[in-house]
Amino acid sequence: HDIRETASNSISKGITCDNAVGILRLTYLPQSKHRSMVKLREKVLQFICDNFKKVPIPSIRELEHSNFGHNLMADILETFFYRENPDAKKLYEKSTLLTEPR
């Protein structure tokens with residue numbers, strides 16, 4: 001394990017409704033292109049969908065570095081959409097979600 005994977009695993013174990021949006025934001029930073037951050041993004045997106053009513057979604061508007069805010073919001077919506085509509089994956093082209101940070 002390299003230190004990034006260890007740190008990512010540790011962070012993923014501490015995801016809460018209060019810090020989920022902030023942790024997700026970290027996975028979109030330019031220096032977060034390592035595969036461990038992609039895995040962390042997957043975990044945070046699933047956590048947000050599992051706890052959608054408890055996570056402060058409106059706080060996304062307050063995030064700095066709004067240049068990736070669109071992708072962050074789209075990824076949350078897409079994750080939730082496919083979770084609620086698993087058969088829809090067959091209808092759409094392969095998504096860019098959860099591949100590499102953009």
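The values are calculated or read from the model by the stated rules, or taken from the named source; none is laboratory data. What you see is a predicted model; the values in this text were computed from it and never measured. Positions of Cβ are generated from backbone atoms using ideal geometry, with glycine treated the same way; all protein chains shown enter the neighbour counts. Surface accessibility is based on the protein's heavy atoms, side chains included, excluding ligands, DNA and RNA. Shrake-Rupley method; radii C 1.70, N 1.55, O 1.52, S 1.80 Å.
Listed by chain and number, the lysines whose alpha-carbon sits under 21 Å from that of Lys39, ignoring those within fewer than 8 places in the same chain, are Lys13, Lys89, Lys94. By the gyration tensor of its Cα atoms, with a ≥ b ≥ c the square roots of the eigenvalues, what is the shape of the chain: rounded for a/c under 1.5, prolate for a/b over b/c, or oblate? Verdict is rounded for the chain. Count the net charge of all other residues whose Cβ sits under 11 Å from the Cβ of Leu24, scoring Lys and Arg as +1 and Asp and Glu as -1. Within the 11 Å Cβ shell, the charges total +1.
Whenever you get a sec, compute what percent of the accessible area on the stretch 15-64 sits on carbon and sulfur atoms (1.4 Å probe).
Details: 1510 of 2870 Å².
Carbon and sulfur together cover 53 percent of it.
Net charge around Ser12, counting only other residues with Cβ within less than 15 Å of its Cβ (Lys, Arg = +1; Asp, Glu = -1)? Every neighbour counted, the sum reads +4. Taking a sphere under 12 Å around the Cβ of Pro56 and counting the other residues whose Cβ falls inside, with K and R at +1 and D and E at -1, yields a net charge of +1.
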